[in-house]
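J.: The structure follows.
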Amino acid sequence: MNLSFLKQNTEKRRELILNGPILSTLFLLSAPTLMMGLVQSIMPIMDGIFINNIVGTIGASAITYSGPIINMTAAIAQG
């Protein structure tokens, strides 16, 4: 797998996408999305640990209640 993808110019990237190995190119292109999903799945766990210890269950329930509202607002804003 070519890990210098970010340092390549547009023509080399296009060549990798069009004629490169399919699985490694697919993994290379999907890696940022996978990392973002991993970080977003860890964030509620960390919020729960810190908020439950500092504020208590009232603060944790406020975050849990507002989470879907924030997600819906972001989804509508993105189209």
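J.: I'd like to know if region 32-41 contains one or more residues that are out of contact with any Pro (no Cβ under 7 Å at 6 or more places or on another chain), without any contact (Cβ under 8 Å) to a residue 12 or more places away in the chain, surrounded by 12 or more Cβ atoms within 10 Å (Cβ to Cβ) and not small (G, A, S).
T.: no
J.: Note down all Cβ pairs under 8 Å where the first residue falls in region 61-79 and is under 12 Å from P44 (Cβ atoms), the second is acidic (D, E) and part of a helix (DSSP H, G or I), and they're at least six residues apart or on different chains.
T.: Pairs found: I63/D47.
J.: Would you mind stating whether I17 is modelled with pLDDT of 85 or more and touching a Leu at 6+ places or on another chain (Cβ under 8 Å)?
T.: yes
J.: Within the bounds of region 10-20, is there any residue that is hydroxyl-bearing (S, T, Y) and over 22 Å from the mean Cα position of the chain (by Cα)?
T.: Scanning region 10-20, I find at least one residue that is hydroxyl-bearing (S, T, Y) and over 22 Å from the mean Cα position of the chain (by Cα), so the answer is yes.
The values are calculated or read from the model by the stated rules, or taken from the named source; none is laboratory data. For clarity, every value in this text was computed on a predicted model and none was experimentally measured. Cβ coordinates were reconstructed from backbone atoms using ideal geometry, including for glycine residues, and neighbour counts include every protein chain displayed.
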